[in-house]
Amino acid sequence: MSFTLKCMSAKNRTVSGALGGFLGFVGMSAVAGILVTAAVAPAVALSGIAATNTINVFDNLPEYLSIDRLAQKSNIYASTNAEDPVGTRVLLASFYEQNRVDVASDAISQFAKDAAIAGEDPRFMEHGGVDIQSSFNGAVQTLAGGGTRGGSSITQQYVKNVLVQKCEVMTDADAAKECYTDATQTTADRKLREMRLAIGLEKKYEKADILRGYLNIAGYGGTVYGIEAAANYYFNTTALNLTLPQAASLVAIVNNPVKFQLDHPDSETNGAANGYAANKVRRDYILTEMLKYDKISQADYDAAVATPIEPVITVPSTGCQTAGGSAYFCDYVTKILKTDVTFGATEEERLANFKRGGFNVYTTLDLDLQNAAETSLNKYVPKTYPGWDVGGVVSSVKVGTGEVLAMAQNKDYSQVPQPAGSDFTSINYNTDFAMGGSGGFQPGSTYKVFTLAEWLKEGHALTERVDSRVKSNWGTFQDSCLGPQNYDAQGFSPRNDGGEGGPNETALHSTTRSINTGFIGMAKKLDLCGIKKTAEAFDVHAADGGKLGQNASSVIGTNYIAPLTMAVAFAGIADNGMTCTPIAIRSMVGSDGAELPVPKSTCTQSVTPEVAAGMQYAMATTTVGGGTAAASGSRTSPKVPIIGKTGTTDSAKDTWMSGASTKVATVVGVVNVSGSFKNQRTFSMNGVGAQYIRHYVWPDVMSVANAKYGGDAFPEASSNVINAVAVPVPDVRGKSMAEAKTTLEAAGFYFVDGGVTSSELPAGTVASTDPAGGSASTRGATVTVRSSDGTGVTIPDVIGKTETDARAILSGAPYTFTVAKLEQATEDKAQDGKVLAIQPGVGAAGRPGDGVTIVIGKYTAPAPATAAPDKKNG
């Protein structure tokens with residue numbers, strides 16, 4: 001055989017090719033030696049050192065090839081019933097690097113199996129991995145023409161595809177390119193390694209398994225891989241239900257996907273106009289081979305050849321844009337798959353697993369709530385608005401589990417960045433930057449709940465009062481992390497929305513009416529670092545991955561937080577202080593049907609149940625009556641107990657409604673995404689004032705949640721949490737006003753200067769307080785202090801004196817009172833003509849010349865006793 005090949009080479013040899021011919025002879029001897037060692041055909045007698053050495057080289061090549069899991073299509077599902085997520089599943093989207101569905105041998109049409117063997121490797125069932133005849137034919141062309149030709153067996157092709165697949169999942173682009181070149185380059189060295197691996201593969205696997213693997217791994221044009229996906233894509237059927245001509249057409253594509261694929265109807269060489277001529281030629285060749293090897297009858301052949309090629313291109317859902325309004329949640333799920341350590345310890349491992357795919361992901365998304373969120377946002381928040389990059393967001397979380405039930409926004413999803421103000425965006429407004437590209441938004445007054453939590457943690461009560469005056473000299477705030485902080489020089493002077501608030505508000509009323517200065521007053525009595533740490537205990541963090549701010553302005557919501565983060569925190573408040581980190585994947589099943597591990601929620605007690613009950617009590621007042629969230633509470637039906645907190649940032653740039661039942665927490669926001677903004681109090685969108693839209697969307701979502709999940713009563717708050725402790729008011733009479741202020745504030749009271757009053761005490765000293773010194777009042781209450789003008793007198797004690805003596809004292813200096821008299825009967829002769837009482841009372845303050853009234857006793861003899869009548873019998 002070597003001689004024949006040598007002669008064939010010599011037919012067209014030139015003088016300059018003489019050396020090449022000689023080398024060709026040696027090379028072919030080596031190939032023959034390899035094939036002899038492989039024992040895949042009758043022995044060919046070879047001699048010489050070249051063959052012996054090559055046999056040794058071949059024997060030393062690796063024969064083991066690991067078959068990795070194929071890259072396949074993965075699916076993301078939502079459901080309407082958490083109890084039966086598989087039975088009620090709805091496909092949101094599929095995603096893949098390669099559109100492939102790995103199927104078992106019995107799920108593949110026999111036509112496809114026979115077509116592959118007849119068209120690609122007729123002796124597949126006979127050889128041991130390498131077909132000698134085909135390989136020799138290929139080698140002849142390679143050695144004579146300087147390149148390589150076909151002739152690879154199905155097993156060799158499978159080996160090549162397995163090696164290519166290993167390259168496809170590499171995350172390093174340069175390494176992947178080098179790997180691909182090594183697996184596909186047209187060299188004899190690569191062919192030798194491929195043959196050795198093919199022989200090793202045949203020793204380990206049955207023919208049927210190799211054929212199945214080949215049909216599942218092969219490329220069918222573009223991103224279509226595997227016979228199942230090809231059947232779906234080209235003919236809208238399954239691999240099992242392929243007809244004979246369809247099976248032959250698909251196997252034809254494998255030979256040269258670019259030339260024979262059927263999804264370019266405008267192609268001049270292989271398009272609809274010419275009946276996909278190129279594919280048909282190859283298809284009919286395969287059919288001829290199938291007839292030749294008795295795989296089909298003549299009648300089957302005739303019918304198949306006569307059948308026109310009519311593809312039914314069925315594009316699979318690919319990527320999250322096919323999920324419609326749920327696309328941003330879908331995108332969030334893919335980010336989890338790529339970043340959570342549950343899916344791989346390293347970024348490279350996670351990305352490789354994601355690329356391989358082949359799993360069904362069952363998510364936590366509740367389609368009933370999601371549809372309500374999408375519908376309401378579409379109704380009230382436009383995708384664009386002139387002069388404003390408007391955003392609308394909804395995040396809902398299940399209380400007690402951290403399951404994300406809804407995630408929607410007013411934009412259409414795009415997989416690539418879009419200009420600001422477009423209908424489309426690739427940014428997920430609901431999540432952190434790492435999980436969707438958003439830097440978050442200021443939550444405004446919804447963030448006040450963490451100061452409320454710290455207030456109650458530190459032993460303060462809801463009815464305790466604070467200095468809530470609007471001012472620019474708040475003084476020094478305590479900060480255990482950064483040291484004392486003073487913002488007076490920066491002009492820190494927060495105002496109250498709409499002029500709300502008095503000078504001495506309670507924590508409860510500050511919450512009900514969202515009074516900024518009330519919360520700043522509360523923060524003055526707390527530790528700014530403690531407030532931040534309490535927020536962090538509820539899993540609150542900056543959306544950009546940085547640190548939370550903890551200055552005084554952060555108390556009223558200036559940190560940039562993701563809406564989902566706030567929903568998680570409100571769910572924690574509703575769950576008696578137990579905060580559960582968000583999860584979006586309920587379960588996941590691999591291509592082999594095995595359950596795969598998924599990220600679990602971590603639940604942490606953020607505050608004690610007693611503190612949480614106090615928060616719930618206060619936040620419930622916002623949703624009724626004069627509370628700032630009453631508009632949402634009144635529109636929500638069916639009614640269940642709810643808590644809430646509104647938020648409005650400076651100039652109504654962003655507006656929020658955040659709240660929860662005992663089952664579901666929801667955050668709704670209408671926000672400025674970027675650039676210049678509009679004051680939401682000044683205009684309407686879709687017939688509703690922009691600042692009120694939150695109070696339409698939130699009830700729309702929570703009404704569905706209430707109907708589906710219900711809601712229980714929140715635990716009762718203890719009296720200690722609600723009612724401030726009564727403490728004695730210090731007696732500061734006679735002290736200077738400055739000393740009195742220091743004393744009262746040290747005791748926890750709010751000092752108010754009540755002006756000057758007449759008093760016998762020295763001018764400028766404290767004449768009186770209201771409440772009076774020694775009486776009990778709640779900590780933080782107002783104590784009105786009046787100073788003495790030094791001109792007053794106190795009513796002297798004239799009780800028991802004669803009228804004459806009393807008048808002399810009262811009308812004389814320094815009193816000079818005008819004295820009036822009242823008489824009061826007395827049966828005590830000793831009190832006759834004596835002063836029984838004086839009005840105002842003894843010790844009361846008065847001015848010289850004031851009128852006083854004395855009460856004089858007048859003796860009246862008691863009435864004589866009357867004898868009792870006799871009693872008679874009868």
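The values are calculated or read from the model by the stated rules, or taken from the named source; none is laboratory data. Computed from a predicted model, the values in this text were never measured in an experiment. Cβ placement follows ideal geometry from the backbone for every residue including glycine, while neighbour counts extend to all protein chains displayed. Accessible surface is based on the protein model in full, side chains and every heavy atom, while ligands, DNA and RNA are left aside. Shrake-Rupley method; radii C 1.70, N 1.55, O 1.52, S 1.80 Å.
Helix 347-356 sits at what angle to the longest principal axis of the chain, using alpha carbons and giving 0 to 90 degrees rounded to 10? Computed tilt is about 60 degrees. For the range 749-874, a Kirkwood hydrodynamic radius built from all Cα pairs, placed in the Stokes-Einstein relation at 25 °C and 0.890 mPa s, yields a translational diffusion coefficient of 138 µm²/s. Put simply, the amide H of Thr778, placed in the peptide plane, has neighbours under 5 Å in Val727, leaving out anything fewer than 5 places away on its chain. Beta bridges from DSSP with both residues in the chain: antiparallel share about 70 percent, rounded to the nearest 5.
For Val664, the residues whose modelled amide H falls within less than 5 Å of its own, excluding neighbours fewer than 5 places apart on the same chain, are Val399. Each Lys and Arg Cβ is given +1 and each Asp and Glu Cβ -1; about its Cα centre, the chain then shows a dipole of about 520 debye. Based on C-alpha pairs under 8 angstrom that are at least 6 apart in sequence, the chain has a relative contact order of 9 percent. Peptides 191-198, 120-127 ordered by packing proxy, namely the average of other Cβ atoms within 10 Å per residue, highest first: 191-198, 120-127. Prolate is the label for the range 350-502. Its Cα gyration tensor axes, ordered a ≥ b ≥ c, give a/c of at least 1.5 and a/b above b/c.
When the pairs Lys160/Lys335; Lys471/Lys524; Lys73/Lys160; Lys160/Lys204 are compared against a 25 Å limit on Cα-Cα distance, Lys160/Lys335 fall above it. Counting only the Cα atoms, the range 625-737 fills a convex hull of 186 Å³ per residue. When the Cα convex hull of the chain is projected onto planes of every orientation, the mean area is 67.8 nm².
Report the rotationally averaged projected area of the range 569-633 based on its alpha-carbon convex hull, in square nanometres. Quarter of the Cα hull surface area: 6.1 nm².
Within the full protein context, the accessible area of Trp474 is estimated at about 10 Å² for a probe radius of 1.4 Å. Restricting the calculation to Cα atoms, every distinct pair contributes to the Kirkwood radius of the range 498-646, found to be 17.3 Å.
The equivalent ellipsoid that matches the C-alpha gyration tensor of the range 708-770 spans semi-axes of 43, 11, 9 angstrom, in descending order. Computed with a 1.4 Å probe over protein heavy atoms only, the accessible area of His460 comes to about 30 Å².
Determine the percent antiparallel among the DSSP beta bridges restricted to the range 676-791, to the nearest 5.
60
Peptide packing for 344-356, 823-835, 644-656 was compared via the average number of neighbouring C-beta atoms within 10 Å per residue; ordered from the highest value, the list is 644-656, 344-356, 823-835.
The H on the amide N of Gly392, modeled in the peptide plane, is under 5 Å from the matching H of Asn410, Lys411, Val671, each at least 5 residues off or on a different chain.
When both the range 518-583 and the range 337-391 are represented by their alpha-carbon centers, they are found 24 Å apart. Cα axis of helix 132-145 to longest principal axis of the chain: angle in degrees, 0 to 90, nearest 10? Taking the Cα atoms of the chain, the angle to 132-145 is about 90 degrees. Each residue of the range 759-772 was assigned a 3J(HN,Hα) from its phi angle through the Karplus curve 6.51 cos²θ - 1.76 cosθ + 1.60 (θ = phi - 60°); the sequence is 7, 6, 6, x, 4, x, 8, 6, 8, 6, 9, 9, x, 6 Hz, with glycine and proline shown as x.
For the chain, the residue among Ile199, Asn255, Phe433 whose Cα projects farthest onto the positive side of the dipole built from Cβ charges is Phe433. The distance from the alpha carbon centre of the range 166-205 to that of the range 224-257 is 25 Å, rounded to a whole number.
Angle of helix 367-380 to the longest C-alpha principal axis of the chain, folded into 0 to 90 degrees and rounded to 10: 70°. In terms of Cα atoms, the Rg and Dmax of the range 287-362 work out to 22.5, 58 Å.
Rounded to the nearest 500 deg cm²/dmol, what is the calculated helix-only ellipticity per residue at 222 nm for the chain, with -39500 (n - 2.57) per DSSP H run of length n ≥ 4?
One gets -11000 deg cm²/dmol as the mean residue ellipticity at 222 nm.
The local environment of Met435, defined by Cβ-Cβ distances under 13 Å, has a net charge of -2 under the rule Lys, Arg +1 and Asp, Glu -1.
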